[in-house]
Amino acid sequence: MQVYCTRPRGREQPPHINHVEEDYLNNGKMQQRYCSTCGMPLIIKNRYVALSEKGQGGFGRTFVALDLDSPGETLAQKRYRILKLLHPNTQLSPASLQLVERLFKEEAEVLEELRHNQIPRLYAFFELSVAVYSEYQIQDNSLSTNNEQKLFYLVQEYIQGQDLEKELLRLRSQENRNFSEAEILEVLSEILGILKFIHANPKKPLIHRDIKPSNLVRSGRDKQLYLIDFGAVKQVVQVVEEGADSSETVIISPGFSPPEQVHGKTVTFTSDLYSLAASCVCLLTGANPHTFDIPFNLEKWKTSANISPKLVKVLNKMLEPDPKNRYQSADEVLTALRREGILEVEKSKDKIIWFWGLLGITGLGTLLTLIWLLLTSKNPTPPFPPLSAEYFTRGEKSLLTPDIPQHFKNNPYCQDAFAKKDAGMKAFGAQNYQSAEKNFEEAIELFKKGLQSNPKTCYIDPETVIFWNNAKANNNNKAPFTIATVIPIDGKQEELKKFSEQLLRGVAHRQGNFNQVNNPTTNSTPGLNGRLMEVVIARDDNSQEISKRVAKHIINNQIPGDTRFKGRNILAIVGNFTSKVILAGAKEYHGKVVAVSPSSTAVRRFEKTPDSNYEYKLSKYVFRIAPNDAIAAKDLSKYIKNKINQNPTNNSGKITVFFNSEEIYSTSLKVSLTKEFDPNNLMGCDLFQKNIQSCIPLLQNTSFLMLSLGIGDTNLVFSALQISKVPSLGGDALYNDDKITTDDSNANLNENLANKANNLVLAIPFDVESAPESFKEESKQLWGTQKVGWRTAATYDALQVIIDGLQRQGNNPTRQGLYDVLSSKSAPFQSSGATGEIKFDYQSDRLVKPEDDNRLGVLVQVRDSKCKPEDKDDGVKYRFCRIDHEIP
């Protein structure tokens, strides 16, 4: 286990990272361990072990620590804490040191008394005397010296989540937006409630002094906001170092601190209200408030925020330069927001009045009877919020291209194709399936002409191909049978649109073969007993919450706004896309419907283990085409070990892993990679908890950088590649090589990223070059190229599995019958598709055998040259070239 030394060090000095065996820490009678560099005790107070460094500032450093005395038999069950080290920047006299102790203890005692469910609890405050880091000798893991330094520690509750500064960065990079008015009202409502509490603290009313987005943390567990990092702690240090009076305010966060705080004047409750409003301006505009000359110009910022004049009015009053002109309490702000009609009135008092009214009317005996009935009756399942019709389509509207993409407008054939698609959708919505089929078919022919005329301005829209097949299925003399596919498109992120197109190509390809009149693939009549297939396309916005709601609609055969779908039955699902999102949907699928995911790869683990806090309890009703992350980790470890063996003298053999603990895929790949290496040689940096800059010191003695990052982390990848000077590796989420999309800024590999990613090695589930010739030839006819990418091939196979499972049931297939076929032990399921032979193990995962090594689980490398000398020059600067065959 990696353990950080907590000794104070210079700002530019790298951390001292040590390794302590986990078995040793599990031992209740363990002896102290010391830093191998400076001799500092590693088990602070014989209880706390620093696992990572979260941040640093003028007052000291902050660590995430494991509390060895917390409940739990194993380390995986122990609790995490925040461990704050206080150390002044200057050498203190004995008198100043005593002042630090007194002030810090006073402030800590006040913080310890705070009991609010949205303020991290303070568990302990203590001082520690340790040997000064100078000339010393370590013998037998013990340290002796006459010189000591005194350190001060705070231990607080650890809130696992993301602060609003990082949340804003994520929104801007992934969704190209700032916080909305509704989101800001939620922030105001929660934080004002906390401020009401601390400002009225009976022991000592508190002023936070340092409210800003980075000190507002959204819990990953309950999504509540927490107010962290009270400025009182920092004030103690600055009082001593700068000689200020302890009643003065000396903490300054540019743009967020009010004028009185900046000028060293007395702060009041209104100072916190100012900082909260400044934080809201930052979240609404994406800029630091000082760029708008706040508070001396309260008009300028409004043009950069899309909010109502009523909210502007309230925020500007909170931002008044003179504290006397602001609201004087958090309660006043809440009242103003309700008076303006932009915040709901609290209803808790109404409930109390109702309770006592009921008591007066019914009498105590009747009321007790009612309470008993409530306690003993089963709670009904609350109805799920239904989704709008905009989340589903069979052919009446487009989820993929509600508007014609800009680059298509430069191609007249493509413009005409979209006009035909629009006519087809109108006909489909009117149940004129013959006309819809004709219009969709004509649209496809126009897309093909547009592609031939200029591949850079047009490609064949897969959604139109599915709509054409759906119209054909509904225009048949027998009612179609229905499959659903769930795509991650959200209408905002271009990356998710590209991935959605790749998935729909696979669905369209296999559906087209199945519905084909002369079916060369199966050499049989079209469809199943004369019934053709229609596909309902649903979108989950790559959101866990939306995924659950989509699943409910599918399970109940309820397509919002589609009254004509009544009486039909969705037999199975192709999807969802990411491991995180399908986990949420699978809780609804379990026992009700089979889902076959083409792209989820997180390793299933049904309980946490002593060496890892990771778990992934995915229902066995979810079958998966792509091999899981354990395969990718083995391929990458083989590559790394081969490189180390080639050059052992100039290679430390150490690997740094950048990962995102909030993303299941990222954590799964990181945990899988950990199993392949000596823990002494593997260092992790969680980019959900830290910024890139704080991870840089780990790269100083690193031979390889592993980017265990997922969908939506492009900016993190770009930043990491900019600072890294060592060979870099990654997983399949960083791969996008369908050779089809026309938008030059996104096709193949983003060139800005590619410039930094040259020679980046990625582990992917499958190489489409290994697909059967029939699949590649059909792909060329459908899409104009054979190189459709692994996600398209895997989605083709997901639908192939469903079709085979339904056909084996005879003329009347059912949902449960499909699960029974795919999971049968007596007659193990087997199919053949674009990615090879498909079998599933006992967990419903893709079964990978040694003979599959050349097909499943491959390595590719970004190169700025042709992969093979004989390759054609396709005008692409960067390519993904397969390299696993180059490794002995």
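List of remarks:
- Scope region 387-411; condition over 28 Å from SER543 (Cα atoms) and touching a helix residue (DSSP H, G or I) at 6+ places or on another chain (Cβ under 8 Å); matching residues: PHE408, LYS409, ASN411
- Residue satisfying all of: in region 178-207; crowded, with 19+ Cβ neighbours inside 10 Å and not in a helix (DSSP H, G or I); modelled with the lowest pLDDT among these: LEU206
Every residue, every condition in (1) in contact with a strand residue (DSSP E or B) (Cβ under 7 Å, 6 or more places away or on another chain); (2) within 19 Å of ASN513 (Cα to Cα); (3) not polar (S, T, N, Q), yes or no:
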residue	(1), (2), (3)
ARG815	yes, no, yes
SER824	no, no, no
ASP841	no, no, yes
ASN854	no, no, no
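- Residue-level analysis places SER666 among those that are of a type outside the set (Val, Ile, Thr), modelled with pLDDT of 90 or more and closer than 23 Å to LEU734 by Cα.
- Counting only helices (runs of 4 or more DSSP H) that sit wholly inside region 621-699, those with at least 3 residues that are surrounded by fewer than 17 Cβ atoms within 10 Å (Cβ to Cβ) are 629-646.
- Scan of region 561-584 for residues that are within 16 Å of the chain's Cα centre (by Cα) and in contact (Cβ under 8 Å) with a residue 60 or more places away in the chain, ordered by number: ASN576, PHE577, THR578, SER579, LYS580, VAL581, LEU583
- For region 305-340, filtering for residues that are surrounded by fewer than 16 Cβ atoms within 10 Å (Cβ to Cβ) and in contact with a helix residue (DSSP H, G or I) (Cβ under 7 Å, 6 or more places away or on another chain) leaves 5.
- Options ALA584, ALA595; residue that is part of a strand (DSSP E or B) and either crowded, with 24+ Cβ neighbours inside 10 Å or in contact with a Lys or Arg (Cβ under 6 Å, 6 or more places away or on another chain) (or both): ALA595
- Only a single item in (1) closer than 18 Å to ASN759 by Cα; (2) at pLDDT 80 or above; (3) over 33 Å from the mean Cα position of the chain (by Cα) is not met by ARG863, and it is number (3).
- Checked against (1) outside any loop (DSSP other than H, G, I, E, B); (2) modelled with pLDDT of 95 or more, TYR327 meets all criteria but (1).
- Among (1) more than 25 Å from PHE440 (Cα to Cα); (2) out of contact with any Asp or Glu (no Cβ under 6 Å at 6 or more places or on another chain); (3) at pLDDT 95 or above - the single one ARG549 does not satisfy: (3)
- Residue among SER612, SER619 that alone is at pLDDT 95 or above, of a type in the set (S, T, N, Q) and over 16 Å from VAL536 (Cβ atoms): SER619
- All positions within region 404-461 that are of a type in the set (Val, Ile, Thr) and either over 39 Å from the mean Cα position of the chain (by Cα) or not in a helix (DSSP H, G or I) (or both): ILE404, THR457, ILE460
- Test for PHE408: is it modelled with pLDDT under 95 and hydrophobic (A, V, I, L, M, F, W, C): yes
- Taken across region 714-722, residues that are among the aromatic types (Phe, Trp, Tyr) and either in contact with a Gly (Cβ under 6 Å, 6 or more places away or on another chain) or in a strand (DSSP E or B) (or both) do not occur at all.
- Every residue from region 464-489 that is under 18 Å from LYS420 (Cβ atoms) and buried (at least 24 other Cβ atoms within 10 Å of the Cβ): THR464, VAL465, ILE466, PHE467, TRP468, ASN469, ASN470, ALA471, LYS472
- Selection within region 208-238 - in a strand (DSSP E or B) and at pLDDT below 90: SER219
- Residues of region 262-298 that turn out to be aromatic (Phe, Trp, Tyr) and without any contact (Cβ under 8 Å) to a residue 24 or more places away in the chain, as a count: 1
- Near pairs, Cβ below 8 angstrom, 6+ apart or cross-chain, from region 712-727 (modelled with pLDDT of 80 or more) to any residue that is crowded, with 19+ Cβ neighbours inside 10 Å and β-branched (Val, Ile, Thr): VAL726/THR702; PRO727/VAL761
- Just one of (1) surrounded by 17 or more Cβ atoms within 10 Å (Cβ to Cβ); (2) touching a residue at least 24 places away in the same chain (Cβ under 8 Å) fails for LYS302. It is (2).
- Number of residues in region 376-395 that are in a loop (DSSP other than H, G, I, E, B), touching a Gly at 6+ places or on another chain (Cβ under 9 Å) and modelled with pLDDT under 95: the value is 1.
- Residues in region 667-703 that are of a type in the set (S, T, N, Q), within 17 Å of ALA630 (Cα to Cα) and in contact with a helix residue (DSSP H, G or I) (Cβ under 8 Å, 6 or more places away or on another chain): SER668, SER672.
The values are calculated or read from the model by the stated rules, or taken from the named source; none is laboratory data. Quantities reported herein were computed from a predicted structural model and do not represent experimental measurements. Note: ideal-geometry Cβ built from the backbone for every residue, glycine included; neighbour counts use all protein chains shown.
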